[in-house]
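Enquirer: Would you mind keeping the following structure in view while I ask a few things?
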Amino acid sequence: RFEEALQEARQVDKLLSEGPGDDCLEEKFPLLGVPITVKEAFSLYGMPNTSGLVNRRNVIATSDATVVSRLKQAGAIPLGVTNCSELCMWYESSNRVYGRTNNPYDLQRIVGGSSGGEGSVLAAACSVVGVGSDIGGSIRMPAFFNGVFGHKPTTGVVPNDGQFPDAHGVRTSYLCTGPMCRYAEDLEPVLRVMAGPGVSKLKLNEKVSLEKIKFHCMDHDGGSIFVSPVDKEILQAQKKVVEHLESDLGVRVQHVAIHKMKYSFQIWSAMMSSKDSEGQEAQRFTDLLGDHGKPVWPLWELMKWLVGMSSHTLPAIALGLTEKLVNLNLSGKAKLVSMGKSLQEEMEALLGPDGVLLYPSHPTIAPKHHSPICMPFNFAYTAIFNVLGLPVTQCPLGLGSEGLPLGIQLVAASYNDHLTLAVARYLEKAFGGWVLPGEV
């Protein structure tokens, strides 16, 4: 929406030349004139809202999602919407409506998903701030692969209204909307606007003393059979963070081994498909694929895909096929849900009011296109924190030997977002933060 954006920018210029004092404007419009982009899954008035689903290609948003409306009211200017994976349920942003998004550091690499378009345009300095959503790492994986910052807030603080697909049943407790940006200092002001009145639940006005934070570190999930081993370069970057914290702040980083993290993928899958407190079933992915149209039969779609006739992507078809398997072992699922609740209590107790956990963002640096299909469960490193409801900030740590971004997840107990945001600002100064693609 470049023409509209330019017109809105002229109005901002006019307001600045005629308007009241700067302080008054800053209070009323904290993001005045700031260019933003919005994940296409969110409604942005007058823009497509397909979520990469072919049978929605003619859907144009007639209103703004709540967070988009709040950002506009704060003075931000949307430039446009950005690509995501089909129905936002895969970690490569590719679909049959817009095609594939490439990583600005290496066009042969993925941008992550499902907020992959956001990660890409921010890394390439096309936009200043992005609106993303995250139910299994959809903010943090793209932020990691593209070397930018992303924040998954504590569950239930930022409204999710106005995106497709929206969460139903138990998933309303796992889906989070949050900011993505190149600079750590931008996360907090954007989060404040997105949260609106809900921001009072967070402690963003509390001053953080980094020396008083109890840092914990976990190098890997304990060796899940479903997930790749963590790359040595990622482990090395995390080790450098630990060494820097200890030498610069004089803190002692406690290495922990949380046994249940080994079952992250199984716990996430079981909790995502469980009934809510009122007994409502989780919405089926195959129903979303149909989107009120003809029912979708995954096996038939697979046959069509093999001869190039399906309008769906292979990951979407595969997810439709596998979701039936989750409910075959109900007693096993119940045990995993129980394990998830126990893990949540363990994490909250470990982190407490002043703890931050350092944890890998993903087992590998940005993979090559199509390769996620060979390692489909690697997103478990981010997904586990959705079902635990904890706030997580994704922080870049410069580039690795192949010129691809490295990074780390910073995790805190519920409503302690201020701790992870403060540590992200600190690590940005220490490790350089975002690096312009092609600069090295």
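Enquirer: For Val256 and Ser371, compute 0.36 nm times the residue count separating them, minus their Cα-Cα distance, and round to one decimal in nm. Display every interim value, and only then the final one.
Expert: Values: separation 115, 0.36 × 115 = 41.40 nm, distance 3.09 nm.
Using 0.36 nm per residue and subtracting the Cα-Cα distance, I get 38.3 nm.
Enquirer: If packing is taken as the average number of other Cβ atoms within 10 Å across a peptide's residues, how do 113-124, 378-389, 59-70 rank, most packed first?
Expert: Values: 113-124: 30.4, 378-389: 25.8, 59-70: 19.0.
Ranked from most to least packed, the peptides come out as 113-124, 378-389, 59-70.
Enquirer: For the stretch 95-172, what does the alpha-carbon gyration tensor say about shape, rounded, prolate or oblate, given a ≥ b ≥ c as the root eigenvalues, a/c under 1.5 as rounded, and a/b over b/c as prolate? Walk me through the intermediate numbers first.
Expert: Numbers: a/c = 2.17, a/b = 1.62, b/c = 1.34.
The shape class here is prolate.
Enquirer: Can you give me the distance in nm between label points at Glu3 and Asp106, each placed 7 Å from the Cα along the Cα-to-Cβ direction?
Expert: In this crude spin-label approximation the distance works out to 4.1 nm.
Enquirer: At 7 Å along the Cα-to-beta-carbon direction for both Ala349 and Asp23, put a label point, then send me their distance in nm to one decimal.
Expert: For the pair Ala349/Asp23, the computed spacing is 5.0 nm.
Enquirer: Using the heavy atoms of the protein chains and a 1.4 angstrom probe, tell me the accessible area per residue for the stretch 31-431 in square angstrom. Mind showing how you got there, number by number?
Expert: Values: 15510 Å² over 401 residues.
Solvent-accessible surface per residue comes out at 39 Å².
Enquirer: Would you please put 347-357, 265-275, 127-137 in order of how densely packed they are, using the mean number of other Cβ atoms within 10 angstrom per residue and starting with the highest? Please report the intermediate quantities before stating the final value.
Expert: Values: 347-357: 17.4, 265-275: 21.7, 127-137: 26.9.
Averaged packing, sorted descending, gives the order 127-137, 265-275, 347-357.
Enquirer: Is there a pair in Lys203/Lys260; Lys28/Lys72; Lys212/Lys262; Lys39/Lys152; Lys275/Lys333 whose C-alpha atoms are over 19 Å apart, and which pairs would that be? Spell out each step's value before the answer.
Expert: On the way: Lys203/Lys260 29 Å; Lys28/Lys72 12 Å; Lys212/Lys262 29 Å; Lys39/Lys152 15 Å; Lys275/Lys333 11 Å.
Over 19 Å Cα-Cα: Lys203/Lys260; Lys212/Lys262.
Enquirer: Is the shape of the chain best called rounded, prolate or oblate, per the rule: a/c under 1.5 gives rounded, else a/b larger than b/c gives prolate, else oblate, with a ≥ b ≥ c the square roots of the Cα gyration tensor eigenvalues?
Expert: Numbers: a/c = 1.43, a/b = 1.05, b/c = 1.36.
Verdict is rounded for the chain.
Enquirer: Looking at the square roots a ≥ b ≥ c of the eigenvalues of the Cα gyration tensor of the stretch 29-146, which shape do they give, rounded for a/c under 1.5, prolate if a/b is larger than b/c, or oblate?
Expert: Details: a/c = 1.89, a/b = 1.22, b/c = 1.55.
Since a/c reaches 1.5 but b/c is at least a/b, the shape of the stretch 29-146 is classed as oblate.
Enquirer: Once you have the Cα-Cα distance between Ser209 and Val59, take 0.36 nm times their residue separation minus that, and quote the gain in nm to one decimal.
Expert: On the way: separation 150, 0.36 × 150 = 54.00 nm, distance 4.81 nm.
Extra length available between Ser209 and Val59 comes to 49.2 nm.
Enquirer: Would you please put 426-436, 153-163 in order of how densely packed they are, using the mean number of other Cβ atoms within 10 angstrom per residue and starting with the highest?
Expert: Numbers: 426-436: 17.0, 153-163: 20.7.
Ranked by mean Cβ neighbours within 10 Å, highest first: 153-163, 426-436.
Enquirer: In deg cm²/dmol, rounded to 500, what helix-only [θ] at 222 nm does the chain give when every DSSP H run of at least 4 residues adds -39500 (n - 2.57) and the total is split over its residues?
Expert: Values: 14 runs with 151 residues, N = 440.
So the helix-based figure for the chain works out to -10500 deg cm²/dmol.
Enquirer: Same structure again: Within the stretch 157-255, which GluC sites (Glu not before Pro) sit in a loop by DSSP and count at most 12 neighbouring Cβ atoms inside 10 Å?
Expert: Glu206
Enquirer: With all protein chains present, how much of the accessible area of the chain (probe radius 1.4 Å) comes from carbon and sulfur, to the nearest whole percent? Mind showing how you got there, number by number?
Expert: On the way: 10240 of 18640 Å².
That fraction is 55 percent.
The values are calculated or read from the model by the stated rules, or taken from the named source; none is laboratory data. Please read all numbers here as calculations on a predicted model, not as lab measurements. With ideal geometry, Cβ positions are generated from the backbone for all residues, glycine too; neighbour counts draw on all protein chains shown. For the accessible areas, the whole protein counts, side chains as well, though only heavy atoms, and no ligand, DNA or RNA atoms are used. Shrake-Rupley method; radii C 1.70, N 1.55, O 1.52, S 1.80 Å.
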